[in-house]
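These notes concern the structure reproduced below.
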Amino acid sequence: ERKKPADMLWELMVEDIQAAADTFRPVYDKTKGRDGFVSIEVAPTLAKNTRGTIRMAEDLRDRCRRPNVMVKIPATKEGLPAIFDQISKGHNINITLIFAVERYMEVVEAYLSGLEKLQKEGGDLSKVASVASFFVSRVDTKVDKQLTEKIGAGADPREKQALERLLGKAAIANSKMAYERYKELFAGPRWDRLRKAGARTQRCLWASTSTKDPRYPDTYYVEELVGPDTVDTIPPATLAAFREHGEVRRSLDENVDLARRQLKQLAEVGVDLDQVTSELEVEGVEAFTKSFESLLAALEKSAKEIKAGKGPRQWHSLGGLQPAVDAQLARLQKEDAPRRLWAKDSTLWSADPAKRQEIRDRLGWLDVADKMLEKGGELSDLAVQGRKLSDVVLLGMGGSSLCPDVLRNTFGTVKGHPKLHVLDTTDPATILGVRSKIKLATTLFIVASKSGETTETLSHFAYFYEQTKRNGKRFAAITDPGSSLEALAKDNGFRWIFPNPPDIGGRYSALSYFGLVPGALMGVDVVELLERAVEMENSCADSVPVEQNPGVWLGAVMGRLAMQRVLGRAAARREDGQGGQGPGAHRGRAGRQARRLRRRPPVCVHPDGRRPAESRRPCAGEARASRGDPHAARQARPGRGILPVGGGDRDRGRDPRHRRVRPAERPGVEGQHQEGAGDLQETRQAAPGGINARGEVEGGHRLASQARQAGRLFRDHGLHRAHAPVGSGHRRDTHRDPGQDEDRHHLGLRASLPPLHRPAAQGRSEDRAVPADRPGRRQGRTDRGPAVHLLGAQAGAGDRRPPIVDVTATARAARDARPTARGRVARAGDSRERGGPVMRAPTPLLTSLSPVRRGCLNPA
């Protein structure tokens, strides 16, 4: 049967609502119709159409055929008559999208008038239920934005302090005033007559009660809105937080006079709450309409693809390894891992209370897409303001730069928007190269650091701050609330400060301000990216069977397979930094680390003849995307790829072979920060256990010398010896998974090169393959870039630290004045903290690394 997308959508929605209503029916029966309701909303496109709203409300009620279903009608001017009509017919109505107290009073009037008409016509008032839904946190989001602008523009410290005291107060105060009106309106002779006839009060419902601003507690809007005859629709993550550490008290009646004073003070400083709530209503209708139309368009597109016989965008083939993955999926399901993950149950990874708290403090990435989507308007405004810029330079290391780098490489330079430069290296030549390409007068520098204390990032800031002649308006900051970077940004008059949710680790921060602010400025439609991420979030929900859950499936694959290879075109590989560097830094273990060998040779077969599992991701529109076409580049859909990587990494720790994997830990990261800073202060360089830093080869012309040094490096650390105990009489299995052999020797090749030098580090394909006659050696390669201060984490966190061959560009460009400090930043902490050798091997442009590799594999 051929159906229109709208018909299919409503059919699916009605089916879901019926199932939910049946689930809650026991609650409805037990409370005699007081609780246990499920709501379905009329099409938001009808928000300004009274008759259309009435017709659709009738239709939805008839199709659902459940006594515990409420139909949601928006509280627009045109919606008020529809509310009266439905109440007068004895229907259950959820009045939604309420912001202003004055509009709430009109809603109550429609409810009371409807009940009075129903009573006159002999209807049963006891069967009617209704709630008035206030959208709470959005009020603070909009008011706080105005207050922040006033604080930034103010000069009087006392006035600034007074404005800061009003941050986060508008929404709660507005809700308290609404509850005061509730108590007044549902009292007195008029209500007494209806109550005696069996009528129930129309309860206040607090919606949008998750905390959007990381400066406020995660249970803020729940704890402050507790009172009799109220309902709170709490998101799962907020509910889990409230159950863990929330305080239950009758807070709605507290400090009512203070709330009145706060609203008066807001008016005195120029915040017009009537205008704010009016704008929020308009924006709410527009946002709901856009989401509804996007849903219809997606459904129509999917229907066309199915009819055309097109397959999914992603598929996999596990071959003979499928049973092992199936067994792991069954184990995850038995342990209820998906539900526990979304409930932020830290016992999934550790029973240690201290570790559990650390893990809980790093799980905010699970629902960050929803929180950031609430700030879609702010990000869209940022994109508009960014059009005035010619360049944006991100100063950030590690997780602070991963997502921006993915977006830059995926979308290129978007027409009409500034060019994004990601400065995620301490290589002086690269820093000077970026400086030569930008115009300081039209460039914005984004200082991005979660802790606010990243040595490399602050060093970058100090350099460019001097270059801009200390012009703070050329800078923006992304950091945790209360960090030293936030204080520095305020003191230096930064143009923007974005306080990021503190419960997100650096390498899981892609969908927070760390990824979205640079993306919005460079012209990426970050709202659509977030919508794609929310789609994937729903696909990974705990209600989805594990075999159909992409996040759980990826975790099972990563945990069970000895080797996995991802094949895709360039646009898919652009996510390699996010899919590899992040998990590599955050798969912390107790004394060991999950190793990752990047970009295997084109042909990679197990020694026993088994081929690795393959996962393919085709990318349509890639050619146009590379030329800066954002519409074509959307088909790469990086937002959909980021979330399951994080979820898969977390679920990997549930594999028995990876029980000691602790994703919230970051082995080698903090130590390297501290050691690097210490070495810089002492102005000395240490390179223990291997080639001394003085042995660096200038210019890259003495490749034979490099080969000899590499050979000695290998020999001195035992990599030339067979991996079998002396006198054992048999060879050790050299083809086991590295996670099964803690003493396995590794060699790391790290390319500390600017982009133009990267081909030199990549070499030919035959150079990347370790010869079969050297089975005891494993070889990994990484660009220094995002991993510059993560050597300890990437190479291994255990006691045995593999040697690193650090390939650098020529040092001449680094000798120019102040940027030479970046070279010391790059070296400081590498050797001293990790206790392993580092060989510096400068190489000129396009010089082959074959001699170095031959020296490693054939030590003299």
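The values are calculated or read from the model by the stated rules, or taken from the named source; none is laboratory data. Not measured: the values here are computed from a predicted model. Every residue, glycine as well, gets a Cβ built from its backbone with ideal geometry; the counts of neighbours run over all protein chains shown.
Residues are listed down the side, and each one gets a yes or a no for (1) surrounded by 14 or more Cβ atoms within 10 Å (Cβ to Cβ); (2) β-branched (Val, Ile, Thr):
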position: Leu263; (1), (2): yes, no
position: Val276; (1), (2): yes, yes
position: Phe288; (1), (2): yes, no
position: Phe292; (1), (2): yes, no
position: Ala297; (1), (2): no, no
position: Arg331; (1), (2): yes, no
position: Gln357; (1), (2): no, no
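For region 519-542, check the following and say yes or no: at least one residue is at pLDDT below 95, crowded, with 23+ Cβ neighbours inside 10 Å and touching a Ser or Thr at 6+ places or on another chain (Cβ under 7 Å).
Checking region 519-542: not a single residue is at pLDDT below 95, crowded, with 23+ Cβ neighbours inside 10 Å and touching a Ser or Thr at 6+ places or on another chain (Cβ under 7 Å).
For region 161-182, enumerate the residues that are surrounded by fewer than 19 Cβ atoms within 10 Å (Cβ to Cβ) and either small (Gly, Ala, Ser) or more than 16 Å from Arg260 (Cα to Cα) (or both).
Filtering region 161-182 down to residues surrounded by fewer than 19 Cβ atoms within 10 Å (Cβ to Cβ) leaves 161-162, 164-165, 167, 177, 180-181.
Within region 161-182, Gln161, Ala162, Glu164 qualify.
Within region 143-154, is even one residue modelled with pLDDT under 95, outside any helix (DSSP H, G or I) and on the phi < 0 side of the Ramachandran plot?
yes
For region 416-525, give me every one of the strands (runs of 3 or more DSSP E) that falls completely inside it and has 3 or more residues that are in contact (Cβ under 8 Å) with a residue 60 or more places away in the chain and hydrophobic (A, V, I, L, M, F, W, C).
Details: elements: 419-423, 443-448, 475-479, 496-499.
Per the criteria, 443-448.
Filter region 26-58 down to the residues that are closer than 12 Å to Glu78 by Cβ and among the aliphatic types (A, V, I, L, M), then identify the one that is surrounded by the fewest Cβ atoms within 10 Å (Cβ to Cβ).
Ile54
Determine which single condition Thr148 fails, assuming it passes every other condition in (1) within 22 Å of Ala47 (Cα to Cα); (2) of a type outside the set (D, E, K, R); (3) surrounded by fewer than 20 Cβ atoms within 10 Å (Cβ to Cβ).
The number of the failed condition is (1).
Scanning region 383-410 for residues that are on the phi < 0 side of the Ramachandran plot, of a type outside the set (A, V, I, L, M) and not in a helix (DSSP H, G or I), which turns out surrounded by the most Cβ atoms within 10 Å (Cβ to Cβ)? Steps first, please.
Kept after step one, since they are on the phi < 0 side of the Ramachandran plot, are these residues of region 383-410: 383-397, 399-410.
If we keep only those that are of a type outside the set (A, V, I, L, M) as well, we get 385-388, 390-391, 396, 399-401, 403-405, 408-410.
Within this subset, residues satisfying the condition of being not in a helix (DSSP H, G or I) are 387-388, 390-391, 396.
Numbers: Arg387: 11, Lys388: 9, Ser390: 14, Asp391: 20, Gly396: 28.
Ranking the qualifying residues of region 383-410, first place goes to Gly396.
For Tyr182, which of the numbered conditions (1) assigned to a loop (DSSP other than H, G, I, E, B); (2) more than 37 Å from the chain's Cα centre (by Cα) fails to hold?
Just one mismatch for Tyr182, condition (1).
Which residue pairs have Cβ atoms under 9 Å apart, sit 6 or more places apart or on different chains, and have a first residue in region 146-159 that is under 16 Å from Glu268 (Cβ atoms) and a second that is of a type in the set (Lys, Arg)?
Lys150/Lys160; Ile151/Lys160; Gly154/Lys160; Glu159/Lys150
Show me the helices (runs of 4 or more DSSP H) found entirely inside region 1-120 where at least 2 residues are out of contact with any helix residue (DSSP H, G or I) (no Cβ under 7 Å at 6 or more places or on another chain). Don't jump to the end; show me each part of the working.
Details: elements: 5-30, 50-64, 79-88, 101-120.
Answer list for region 1-120: 5-30, 50-64, 101-120.
Do you know which of the residues in region 241-254 that are surrounded by 15 or more Cβ atoms within 10 Å (Cβ to Cβ) and outside any helix (DSSP H, G or I) is nearest to the chain's Cα centre (by Cα)? Outline the logic, then answer.
Restricting attention to region 241-254, the residues satisfying the condition of being surrounded by 15 or more Cβ atoms within 10 Å (Cβ to Cβ) are 241-242, 246, 251-252.
Now drop any that are not outside any helix (DSSP H, G or I), which leaves 246, 251-252.
Details: Gly246: 25, Ser251: 33, Leu252: 33 Å.
The selected residue is Gly246.
Exactly one of (1) farther than 29 Å from Asp213 by Cβ; (2) surrounded by 19 or more Cβ atoms within 10 Å (Cβ to Cβ); (3) touching a Leu at 6+ places or on another chain (Cβ under 9 Å) is unmet by Phe445. Its number?
(1)
Exactly one of (1) surrounded by fewer than 13 Cβ atoms within 10 Å (Cβ to Cβ); (2) free of Cβ contacts under 8 Å to residues at least 40 places away in the same chain is unmet by Asp336. Its number?
Status for Asp336: all satisfied but (1).
Picking from Ala6, Ala20, Ala100, which residue would you name as being farther than 28 Å from Gln119 by Cα and touching a strand residue (DSSP E or B) at 6+ places or on another chain (Cβ under 8 Å)? Explain how you work it out, then say what you get.
Working: Ala6 fails: touching a strand residue (DSSP E or B) at 6+ places or on another chain (Cβ under 8 Å); Ala100 fails: touching a strand residue (DSSP E or B) at 6+ places or on another chain (Cβ under 8 Å).
Of Ala6, Ala20, Ala100, the one residue that is farther than 28 Å from Gln119 by Cα and touching a strand residue (DSSP E or B) at 6+ places or on another chain (Cβ under 8 Å) is Ala20.
Restricting attention to region 328-335, does a residue exist that is farther than 28 Å from Ala287 by Cβ and either touching a strand residue (DSSP E or B) at 6+ places or on another chain (Cβ under 6 Å) or not in a helix (DSSP H, G or I) (or both)? Before you say what the answer is, go through the steps one by one.
Pass one, region 328-335, residues farther than 28 Å from Ala287 by Cβ: 328-335.
Filter once more, keeping what is either touching a strand residue (DSSP E or B) at 6+ places or on another chain (Cβ under 6 Å) or not in a helix (DSSP H, G or I) (or both): 335.
Checked against the condition, which is being farther than 28 Å from Ala287 by Cβ and either touching a strand residue (DSSP E or B) at 6+ places or on another chain (Cβ under 6 Å) or not in a helix (DSSP H, G or I) (or both), region 328-335 yields at least one hit.
Which count do you get for residues in region 72-83 that are within 21 Å of Glu121 (Cβ to Cβ), surrounded by 23 or more Cβ atoms within 10 Å (Cβ to Cβ) and in contact with a Ser or Thr (Cβ under 7 Å, 6 or more places away or on another chain)? Spell out how you get there, then give the answer.
In the first step, residues of region 72-83 are kept if they are within 21 Å of Glu121 (Cβ to Cβ); the result is 73, 80-83.
The next check asks that each one be surrounded by 23 or more Cβ atoms within 10 Å (Cβ to Cβ); those that pass are 73, 82-83.
Checking the rest, the ones that are also in contact with a Ser or Thr (Cβ under 7 Å, 6 or more places away or on another chain) come to 73, 82.
Residues that pass the stated criteria total 2.
Of these, Ala57, Ala47, Ala6, Ala21, which one is touching a Ser or Thr at 6+ places or on another chain (Cβ under 9 Å) and of a type outside the set (Ser, Thr, Tyr)? I'd like the intermediate steps shown before the answer.
Values: Ala57 fails: touching a Ser or Thr at 6+ places or on another chain (Cβ under 9 Å); Ala6 fails: touching a Ser or Thr at 6+ places or on another chain (Cβ under 9 Å); Ala21 fails: touching a Ser or Thr at 6+ places or on another chain (Cβ under 9 Å).
Matching residue, one of Ala57, Ala47, Ala6, Ala21: Ala47.
Checking the condition farther than 30 Å from Lys290 by Cβ, modelled with pLDDT of 85 or more and among the β-branched types (Val, Ile, Thr), which residue from Val406, Val325, Val392 passes?
Values: Val406 fails: farther than 30 Å from Lys290 by Cβ; Val392 fails: farther than 30 Å from Lys290 by Cβ.
Unique residue meeting the criteria: Val325.
Restricting attention to region 130-138, does a residue exist that is part of a helix (DSSP H, G or I), under 37 Å from the mean Cα position of the chain (by Cα) and not acidic (Asp, Glu)? Outline the logic, then answer.
Let us first name the residues in region 130-138 that are part of a helix (DSSP H, G or I), namely 137-138.
Remaining after also requiring under 37 Å from the mean Cα position of the chain (by Cα): 137-138.
Still in the running and not acidic (Asp, Glu): 137-138.
Within region 130-138, one or more residues are part of a helix (DSSP H, G or I), under 37 Å from the mean Cα position of the chain (by Cα) and not acidic (Asp, Glu).
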